[in-house]
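The block underneath contains the structure these notes are about, expressed in structure tokens.
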Amino acid sequence: MSFDAEKEISRLWGNLHNAQDEIGRTWHRWRQAALEIAGSNAKSLDVSLKAAEITGKEIGKSFLPRLNWLRGEEVWMMSLANGYAGQWIAQGGVVKVEKGQKPFEVFVKWERCPWPTFAKEYGVSMEEDVLCCDRILQTVLVNINVFFNVNYKIETLKAIPRGQGVCLRRLYKA
Amino acid sequence: MAKLLFEWNYSSYPGAKKYPHLFKPIQIGNLIIPNRIKYAATEDNLNSRDGFVTDADVAYIRERAKGVVGGICTMQGVYMDKNRQGQGYVGQAAAWDDKFVPGLKRLADAIHDERAVAGYQLMHCGRVGAVEVQYCQGPSAVPQRLRIFRPVQEMTKEDIKQCVKEHVDAARRGLEAGFDIIEISGIVGYLLSNFISSYSNRRTDEYGGDIRERMRVVVEIIQEVKKICGKDVPLGIRLCAEELLDDVRGNTSEESMMSYKIAEEAGIDYISVTAGWQESIVPVISRDVPMGSWIHLAKRAKEHVNVPIQMAYRLFRPDLPNKAIGDGHLDMWEMCRPMIADPLMPKKVLEGREEDIRHCVACNLCLARLFRDAPMTCYINPVCAHESDPRYANPEPPEEKKKVMIVGAGPAGLECAYMAARRGHEVLVYEKRTDLGGTILEASKAPYGDDELLTCIRYQSAQCEKAGVTFHMGTEVTEALIKEELPDCVVLATGPIYSKGKGAGFDRENVVDVLDVLRGKAKVGEKVVVWGNRKPGIGVALHLAKQGKKVTIVGKDKSAGFDVNPSFKWRYMIYLRQNGVMAYNDCEIEEIKEGEVLVRSYDGYRWPVRCDTVVVTEREANNSLKDVIQREGIELFVIGDALVPRNLSSAVHDGYRIGIRI
């Protein structure tokens with residue numbers, strides 16, 4: 001049976017990118033719907049941050065079955081950081097995880113991220129885009145910290161929408 | 001009795017003998033125009049954001065007025081409403097208040113200073129408007145096809161009445177400013193064309209329905225403006241002869257011709273023929289459309305109406321309109337882009353200096369800039385929009401005459417050479433090849449009109465010859481040669497280096513250079529991968545696809561044609577599809593193997609692409625000789641692709657800027 005690998009893979013690649021685009025657009029369509037329902041008194045940033053919070057908590061819950069303490073805290077922490085990265089890679093980002101110099105510190109670096117492009121397309125401010133990402137990343141930790149009885153935090157050091165070239169976040173044990 | 005504003009006698013000029021139909025008078029309304037040449041209204045985004053005319057725009061229009069040698073020079077269309085929904089361009093001139101009259105008068109005076117006929121255009125931009133506000137206006141709220149334009153609000157009858165009044169008031173201001181001709185714009189997606197078109201006019205009141213009803217507002221405007229124009233000031237209109245909107249059920253050709261008849265019945269004195277809308281998907285004015293392609297529309301218009309017919313649209317060479325006028329298919333030759341590229345084009349035609357014409361290459365960069373709120377610029381004419389800046393327009397001779405060595409006779413080197421020589425430097429151009437033109441010689445072999453790029457080289461060669469530039473062809477510049485010549489200044493215009501990718505296998509025999517492919521020197525198999533998705537990659541891909549080869553482009557940029565302006569890029573995307581060229585953008589070649597290459601996407605996925613030959617089109621800066629020159633303490637400039645690989649425009653602009661600076 002003949003098999004054209006180029007055709008198969010490139011079609012799959014095309015479909016993946018279309019699906020990734022739909023993820024971004026769906027977020028903004030829902031945002032628009034929420035704002036219309038909320039009325040003119042609602043602040044768009046408040047609405048978006050609420051959505052980000054719900055999203056973050058949901059992502060955090062989905063991490064729980066996959067995080068495993070058996071191989072020690074450092075491995076657990078790297079696995080958490082890779083979970084963050086994987087989430088954005090699935091959406092079309094190029095994200096790398098690097099261990100920090102201090103113990104229980106890891107850096108997650110977004111070299112490319114599709115979200116600022118979607119924000120621009122839908123007329124959303126770049127700062128709202130950064131703050132929403134921050135809120136998602138932080139609220140991911142809410143359930144994880146309680147579940148594993150730890151206190152991890154994540155902070156933003158650089159952000160693409162702020163014109164800093166990459167998004168750089170530090171995940172650390174507080 | 002018809003009125004002649006300025007006497008012109010062309011009889012002693014060679015151009016008038018060569019193109020007799022272009023330089024004979026014509027009567028429009030009660031006005032005699034000495035020739036058949038018109039600079040058609042063109043937005044330039046040079047005015048202030050609140051619509052006041054600037055020095056830059058006056059200087060811009062003065063140059064074009066000089067160019068029409070007694071013909072009509074039309075200023076850009078003015079918007080007429082205080083709420084700015086009619087404004088389609090950030091730097092568009094306004095005429096919604098008497099406070100704008102002094103600025104408009106400056107334009108009319110500048111045109112009259114050059115003894116040309118001053119044209120004034122009324123242009124409500126309709127569904128292309130509202131550049132500074134949230135909603136634009138139209139007869140019906142038909143959604144926009146292009147994201148770049150604002151959502152449309154349907155006009156009420158009161159809005160329509162107000163719009164008619166605004167046309168009349170703005171026309172009065174034009175007359176007060178001293179303009180000789182008034183023109184109404186009803187084309188390409190602007191308001192009146194929105195009313196005329198069955199695509200954008202879905203109204204059920206008296207302003208919608210059949211073509212007569214859709215023309216109602218146009219007729220009202222013509223009749224009301226005509227009243228204030230009187231007998232002495234002709235009133236013209238620009239109307240689409242073909243909307244090219246069949247895919248969205250726009251007007252038929254018959255309806256368009258009917259609109260011409262109705263305009264004539266309403267009292268119009270001339271019609272300017274156009275084709276296409278900004279929303280149409282048919283190419284009209286880019287260089288992939290052969291010159292003279294639209295003359296049949298003027299001919300058709302002549303068959304339907306008796307008023308004079310004017311037309312622009314790919315009439316870039318004087319022989320085309322000269323013949324069309326002689327054949328009775330056209331009455332006046334309009335120009336926009338040819339006179340953006342060379343404001344003095346018709347003057348040079350008249351004076352028999354056609355070799356001095358800097359020809360437009362129909363790239364539409366000018367339009368792309370306007371739609372992106374940037375001031376007008378020209379791909380090929382570095383002085384465009386800098387007419388008011390003497391450093392650009394009339395550079396001074398240098399304080400010290402220098403011996404300037406220019407390495408490379410491509411567009412950057414040649415542009416620099418003649419400008420530097422014109423200012424008084426001794427200029428020596430060294431070129432290792434035997435022909436002038438650099439990589440444009442190869443680039444011009446790409447299909448879809450790229451042969452027109454050579455006009456730039458012809459112009460530059462002629463200017464170099466006139467400026468006394470010395471050429472050393474077939475001479476490669478070496479360290480020894482530089483030390484022997486000991487110039488005061490060296491300009492490196494050597495073009496780029498074609499760079500192989502980081503992947504394995506780029507040293508294989510089946511990896512060839514784009515220039516060798518276009519020269520016909522490289523052996524190219526049936527399955528080709530082109531490495532690089534910018535213009536050189538697209539050009540060679542189409543060149544090879546036209547030979548029946550299966551071509552795949554692999555490139556690092558997120559989209560193919562990143563370096564091509566958006567007003568032209570969409571054409572290439574269509575041609576790539578039509579010719580079966582697959583483009584993998586945002587990708588690298590990871591490995592070149594026997595019979596295939598391995599492509600790797602930015603997100604890490606890999607797949608094989610069958611391939612016999614890889615054509616390298618990726619470029620990088622060329623730093624050869626730089627160290628030698630700097631070591632010798634010689635003044636050094638690096639220009640064009642040798643500095644940063646870009647395009648013909650950057651080469652020309654770099655060359656000019658350094659040519660006026662040395």
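The values are calculated or read from the model by the stated rules, or taken from the named source; none is laboratory data. Because the structure is a prediction, the values reported are computed rather than measured. Every residue, glycine as well, gets a Cβ built from its backbone with ideal geometry; the counts of neighbours run over all protein chains shown.
When we screen B:TYR430, B:TYR459 for residues that are modelled with pLDDT of 95 or more, hydroxyl-bearing (Ser, Thr, Tyr) and either part of a loop (DSSP other than H, G, I, E, B) or over 27 Å from the mean Cα position of the chain (by Cα) (or both), the only hit is B:TYR430. Taken together, the criteria place B:GLY604 among residues that are assigned to a loop (DSSP other than H, G, I, E, B) and over 29 Å from B:LEU441 (Cβ atoms).
Answer yes or no: is there a residue in the stretch B:31-42 that is crowded, with 22+ Cβ neighbours inside 10 Å, assigned to a strand (DSSP E or B), in contact with a Cys (Cβ under 7 Å, 6 or more places away or on another chain) and of a type in the set (Ser, Thr, Tyr). Yes, the stretch B:31-42 contains at least one residue that is crowded, with 22+ Cβ neighbours inside 10 Å, assigned to a strand (DSSP E or B), in contact with a Cys (Cβ under 7 Å, 6 or more places away or on another chain) and of a type in the set (Ser, Thr, Tyr). In the set B:VAL53, B:VAL78, only one residue is modelled with pLDDT of 95 or more, farther than 17 Å from B:LEU5 by Cβ, in a strand (DSSP E or B) and in the same structural domain as B:MET332 (by TED's automatic domain parsing); that residue is B:VAL78. Just give me the residues in the stretch B:47-79 being among the aliphatic types (A, V, I, L, M) and buried (at least 24 other Cβ atoms within 10 Å of the Cβ), in sequence order. Once the filter is applied, which keeps residues that are among the aliphatic types (A, V, I, L, M) and buried (at least 24 other Cβ atoms within 10 Å of the Cβ), the stretch B:47-79 yields B:VAL53, B:ILE61, B:ALA65, B:VAL68, B:VAL69, B:ILE72, B:MET75, B:VAL78. Evaluate the following for B:VAL652: is it modelled with pLDDT of 95 or more, within 14 Å of chain A (Cβ to nearest Cβ), crowded, with 20+ Cβ neighbours inside 10 Å and out of contact with any Gly (no Cβ under 8 Å at 6 or more places or on another chain)? So B:VAL652 does not fit the description; no. Among the residues making up the stretch B:580-597, a single one is at the interface with chain A (Cβ under 10 Å from one of its Cβ atoms) and either among the polar types (S, T, N, Q) or in contact with a Pro (Cβ under 6 Å, 6 or more places away or on another chain) (or both): B:GLU596.
Taking the stated definitions as given, is B:THR617 out of contact with any Phe, Trp or Tyr (no Cβ under 7 Å at 6 or more places or on another chain), among the β-branched types (Val, Ile, Thr), in contact (Cβ under 8 Å) with a residue 24 or more places away in the chain and more than 30 Å from B:GLN278 (Cβ to Cβ)?
no
Taken over the stretch B:162-201, the criterion of being farther than 16 Å from B:VAL225 by Cβ, touching a Pro at 6+ places or on another chain (Cβ under 7 Å) and not small (Gly, Ala, Ser) is satisfied by B:ASN194, B:ASN201. Looking across B:GLU452, B:GLU400, one residue alone is out of contact with any helix residue (DSSP H, G or I) (no Cβ under 6 Å at 6 or more places or on another chain) and either outside the structural domain of B:VAL490 (by TED's automatic domain parsing) or over 24 Å from B:LYS569 (Cβ atoms) (or both). It is B:GLU400. Filtering the stretch A:90-112 down to residues that are out of contact with any Cys (no Cβ under 7 Å at 6 or more places or on another chain) and within 14 Å of chain B (Cβ to nearest Cβ), which residue is nearest to A:VAL75 (Cα to Cα)? Residue satisfying both the conditions and the ranking: A:LYS96. In the set B:SER48, B:SER11, only one residue is assigned to a loop (DSSP other than H, G, I, E, B), touching a residue at least 12 places away in the same chain (Cβ under 8 Å) and assigned by TED's automatic domain parsing to the domain that holds B:PRO321; that residue is B:SER48. Can you find a residue that is closer than 21 Å to A:ASN18 by Cα and in contact with a Leu (Cβ under 8 Å, 6 or more places away or on another chain) anywhere in the stretch A:70-85? No - not one qualifying residue is present in the stretch A:70-85. Which residues, taken from the stretch B:605-632, are among the hydrophobic types (A, V, I, L, M, F, W, C) and more than 14 Å from every other protein chain (Cβ to nearest Cβ)? Listed by number, the residues that qualify are B:VAL614, B:VAL615, B:VAL616, B:ALA621, B:LEU625, B:VAL628, B:ILE629. Checking each residue in the stretch A:92-124 for being in a loop (DSSP other than H, G, I, E, B), farther than 15 Å from A:ALA52 by Cα and in contact (Cβ under 8 Å) with a residue 12 or more places away in the chain picks out A:GLY92, A:GLY93, A:GLY100, A:LYS102, A:PRO103, A:PHE104, A:CYS113, A:PRO114, A:TYR122. Has the stretch B:569-582 got at least one residue that is in contact (Cβ under 8 Å) with a residue 12 or more places away in the chain and either assigned by TED's automatic domain parsing to the domain that holds B:VAL477 or assigned to a strand (DSSP E or B) (or both)? Yes - at least one qualifying residue is present in the stretch B:569-582.
From the list A:ASP129, A:ASP134, the one residue that fits, being crowded, with 20+ Cβ neighbours inside 10 Å, touching a residue at least 12 places away in the same chain (Cβ under 8 Å) and of a type in the set (Asp, Glu), is A:ASP129. Within the stretch A:2-25, if we keep just the residues that are more than 16 Å from B:ASP586 (Cβ to Cβ) and among the charged types (D, E, K, R), the residue that is farthest from the other protein chains (Cβ to nearest Cβ) turns out to be A:GLU22. If only residues of the stretch B:359-376 that are part of a loop (DSSP other than H, G, I, E, B), within 12 Å of the chain's Cα centre (by Cα) and of a type outside the set (A, V, I, L, M, F, W, C) are counted, the one that is farthest from B:GLY67 (Cα to Cα) is B:ASN364. One residue alone among B:ARG619, B:ARG661 is over 23 Å from B:ARG369 (Cα atoms), basic (Lys, Arg) and surrounded by fewer than 18 Cβ atoms within 10 Å (Cβ to Cβ), and that residue is B:ARG661.
Which residue out of A:VAL47, A:VAL97, A:VAL75 is within 19 Å of the chain's Cα centre (by Cα) and more than 26 Å from B:TYR605 (Cα to Cα)? It would help to see each step written out before you state the result.
Details: A:VAL97 fails: more than 26 Å from B:TYR605 (Cα to Cα); A:VAL75 fails: within 19 Å of the chain's Cα centre (by Cα).
Just one listed residue meets the conditions, A:VAL47.
Please find, within the stretch B:583-598, the residue that is farthest from A:PHE3 (Cα to Cα) out of those that are free of Cβ contacts under 8 Å to residues at least 60 places away in the same chain and in contact with a Ser or Thr (Cβ under 9 Å, 6 or more places away or on another chain).
Across the stretch B:583-598, the extreme among qualifying residues is B:ASP586.
Just one of B:GLY520, B:GLY495, B:GLY525 is surrounded by fewer than 18 Cβ atoms within 10 Å (Cβ to Cβ) and more than 22 Å from B:TYR584 (Cβ to Cβ); which is it? Of B:GLY520, B:GLY495, B:GLY525, the one residue that is surrounded by fewer than 18 Cβ atoms within 10 Å (Cβ to Cβ) and more than 22 Å from B:TYR584 (Cβ to Cβ) is B:GLY520. Checking every residue in the stretch A:143-163 against the condition of being touching a residue at least 12 places away in the same chain (Cβ under 8 Å) and in contact with a Pro (Cβ under 7 Å, 6 or more places away or on another chain) gives at least one match.
Scoring B:ALA467 on the criteria (1) among the aliphatic types (A, V, I, L, M); (2) closer than 22 Å to B:ILE662 by Cα; (3) buried (at least 21 other Cβ atoms within 10 Å of the Cβ) leaves a single failure, condition (3). Do we find that B:LYS556 is more than 24 Å from the chain's Cα centre (by Cα), surrounded by fewer than 20 Cβ atoms within 10 Å (Cβ to Cβ) and within 14 Å of another protein chain (Cβ to nearest Cβ) in this structure? The answer is yes for B:LYS556.
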